[in-house]
Amino acid sequence: MKKNLLIIFALIVSNSFSQNGLNFDKTSDFVQTTFPGILGINDITVEAWIKTTGGGDQIITAWGNESFNGGRFTFRVKQVGSNNVIRIENKGSGLDGLINVADSSWHHVAVTYSATTTTNKYKLYVDGTLDNQGNISQPLNIISGVNLRIGRRIHATYTDFFGGKMDE
């Protein structure tokens with residue numbers, strides 16, 4: 001009996017700590033942090049679990065300065081035809097993924113930037129698989145401006161709120 005109660009208690013406790021992701025409504029929800037993001041020309045890795053609930057452009061995270069080319073870092077979902085793929089932008093240019101992530105399933109998405117390599121500085125991953133890689137024509141040099149946001153672009157009028165769930 002004690003053993004059964006311990007197992008039931010463990011299941012209740014483990015279930016109470018699950019399902020802690022953020023839910024975004026694609027119209028006004030976002031998280032504004034006090035962290036300025038990684039600035040300058042430094043290596044960057046951004047990753048998240050996402051489950052989108054609709055199409056269209058949606059921001060996963062963004063930070064930096066919108067006034068200077070290369071001055072911001074934006075990781076987002078972009079609508080390309082009937083698919084929604086991940087995209088990395090640095091204010092002035094970008095690189096699209098190829099794998100559709102708008103299929104009502106959870107996906108682990110990531111982007112890396114290597115400041116020291118000359119080819120394939122940017123790499124996009126979906127569910128642990130390399131989705132696309134390459135360089136962006138606009139050099140990256142993130143300038144202080146808007147602190148890291150989750151779920152919304154840093155641009156004042158082009159918001160592209162995230163729609164769906166996001167975790168980690």
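The values are calculated or read from the model by the stated rules, or taken from the named source; none is laboratory data. Just so we're clear, the structure is a prediction, and the values are computed from it rather than from any experiment. Ideal geometry is used to build each Cβ from the backbone, glycine not excepted, and the neighbour counts take in all protein chains shown. For accessibility, only protein heavy atoms count, side chains too; no ligands or nucleic acids. Shrake-Rupley method; radii C 1.70, N 1.55, O 1.52, S 1.80 Å.
Remark: the Cα gyration tensor places the stretch 26-69 in the prolate category, a/c being 1.5 or greater and a/b exceeding b/c. Where does the charge balance sit around Gly64 when Lys and Arg score +1, Asp and Glu -1, over other residues with C-beta under 13 Å from its C-beta? With Lys, Arg at +1 and Asp, Glu at -1, the neighbours total +2. According to the square roots a ≥ b ≥ c of the eigenvalues of the Cα gyration tensor, what is the shape class of the stretch 108-168, taking rounded for a/c under 1.5, prolate for a/b larger than b/c otherwise, and oblate for the remainder? Note, shape of the stretch 108-168 comes out oblate. Per-residue surface analysis assigns Lys51 an accessible area of about 60 Å², computed on protein heavy atoms at 1.4 Å probe radius. Can you give me the relative contact order of the chain as a percent, contacts being Cα pairs under 8 Å and 6 or more apart? Once normalised by length, the contact order is 35 percent. When the alpha carbon gyration tensor of the stretch 5-163 is reduced to an equivalent ellipsoid, the three semi-axes, largest first, read 29, 18, 17 Å. Keeping to pairs on different chains or 8 or more places apart, tell me how many lysine pairs in the chain have Cα atoms under 27 Å apart. Value for the chain: 18. Using a simple spin-label model with pseudo-atoms 7 Å out from Cα toward Cβ, Leu130 and Ile41 lie 2.4 nm apart.
For the stretch 60-121, what is the accessible area per residue in Å², given a 1.4 Å probe and the full set of protein chains?
On a per-residue basis, the stretch 60-121 sits at 39 Å².
To put it simply, the accessible area of the stretch 70-132 at a 1.4 Å probe is 47 percent carbon and sulfur. The 3J(HN,Hα) values that the Karplus relation (6.51, -1.76, 1.60; θ = phi - 60°) gives for the stretch 20-28 are, in residue order, 9, x, 8, 10, 10, 9, 6, 10, 8 Hz. Gly and Pro appear as x. Modelled spin-label separation between Leu22 and Phe68, with each label point placed 7 Å from Cα along the Cα-to-Cβ direction: 2.6 nm.
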